[in-house]
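The values are calculated or read from the model by the stated rules, or taken from the named source; none is laboratory data. Since this is a predicted model, take the numbers as computed values, not measurements. With ideal geometry, Cβ positions are generated from the backbone for all residues, glycine too; neighbour counts draw on all protein chains shown. Ligands, DNA and RNA are excluded from the accessible area calculation, which covers all protein heavy atoms including side chains. Shrake-Rupley method; radii C 1.70, N 1.55, O 1.52, S 1.80 Å.
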Amino acid sequence: MLAKSLLGMLVFLVTPITLPAQQEPNAHASCRGVLTSTVASGHEHHDLPRCGAEVASELGRMLRSLGTERDLEKLRLLHRVSFFVRDAAVFSQAVALANTVTADPHVRVLGLYVALTQIDRGTDFTSSGVSKPFREPLSENCEEAAFGAPDDTFWHDGGLPSDAVETLRSTAVGLGSTTQPLMVRRFASCVLLVLPEGPEPD
């Protein structure tokens, strides 16, 4: 009996124990730069959907540094990406960009459009061409606006500030001033027209 116990202990001690594989500390490393790569190539990187959090982080940084960007295709692409990520930092950077008086008017329109898309993905201003909102002022009555029911697919959903709707509303009111560039003023007026009442849905 003692011999059997000793043998059992010996088998236990020499049998290798398989532990669950640990996640690499930098498992997200392969996601770094996916949005930069997308913008550089003009084609959506195949890793964008699985790298949502990193994409949101990159988008926030890009919005912060756009300034005088005039590449309309780049602006269009950044807006398209914003459709798939919802994030408080992205929203805040978009509002800040819209309010940056030294930024190019095309870029400020992008800021407004991204901020609106963070709240309401069902409003589209590209019915007259995907780059029109960034190329020329919208019509006075916002006839370019189209409304749909997008699916609920997000690459990343970090939520928005509870006062996001009111923040964008007050921003759009300020940017509707006659002292603002025409394309900024027109887009701000359209934002006020389509912005949902009350807090945005969860």
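You can think of it this way: the chain between D71 and H43 has 8.6 nm of extra reach, that is 0.36 nm per residue less the Cα-Cα gap.
Phi angles of the range 168-180 translate, via the Karplus equation with coefficients 6.51, -1.76, 1.60 and θ = phi - 60°, into HN-Hα couplings of 5, 4, 5, 5, 5, 4, x, 7, x, 5, 5, 7, 8 Hz per residue; Gly and Pro are given as x. Where the accessible area of the range 51-178 is counted over protein heavy atoms with a 1.4 Å probe, how much of it, in %, is carbon and sulfur? Roughly 49 percent, rounded to a whole number. Solvent exposure of the range 72-201, expressed per residue, is 42 Å² of accessible area, with all protein chains present and a 1.4 angstrom probe. Ranked by the mean number of other Cβ atoms within 10 Å of their residues, highest first, the peptides 176-185, 91-100 come out as 91-100, 176-185. Ordering 84-90, 42-48 by mean Cβ neighbour count within 10 Å, with the highest value first, yields 84-90, 42-48. Available extension along the chain between R64 and L193 is 43.8 nm, counting 0.36 nm per residue and deducting the alpha carbon span.
Which value, in nm² and rounded to one decimal, describes the direction-averaged projected area of the C-alpha convex hull of the range 44-202? The number I arrive at for the range 44-202 is 8.4 nm². Once R0 is set to 22 Å, what does the formula 1/(1 + (r/R0)^6) return for the Cβ-Cβ distance between T36 and A89, expressed as a FRET efficiency to the nearest 0.05? Calculated transfer efficiency: 0.80. Counting only heavy atoms of the protein chains and using a 1.4 Å probe, R70 has close to 140 Å² of accessible surface.
Charge tally for C51 (other residues, Cβ to Cβ under 12 Å; Lys, Arg +1; Asp, Glu -1): -2. Each other residue within a Cβ distance under 14 Å of G174 adds +1 if Lys or Arg and -1 if Asp or Glu, for a net charge of +2.
The shape of the range 80-155 comes out oblate: with a ≥ b ≥ c from the C-alpha gyration tensor, a/c is at least 1.5 while a/b does not beat b/c. Per-residue packing, averaged as other Cβ atoms within 10 Å, sorts the ranges 160-168, 137-145 into the order 160-168, 137-145, beginning with the highest. Full extension of the segment from T102 to S170, taken as 0.36 nm per residue of separation minus the current Cα-Cα distance, would add 22.5 nm.
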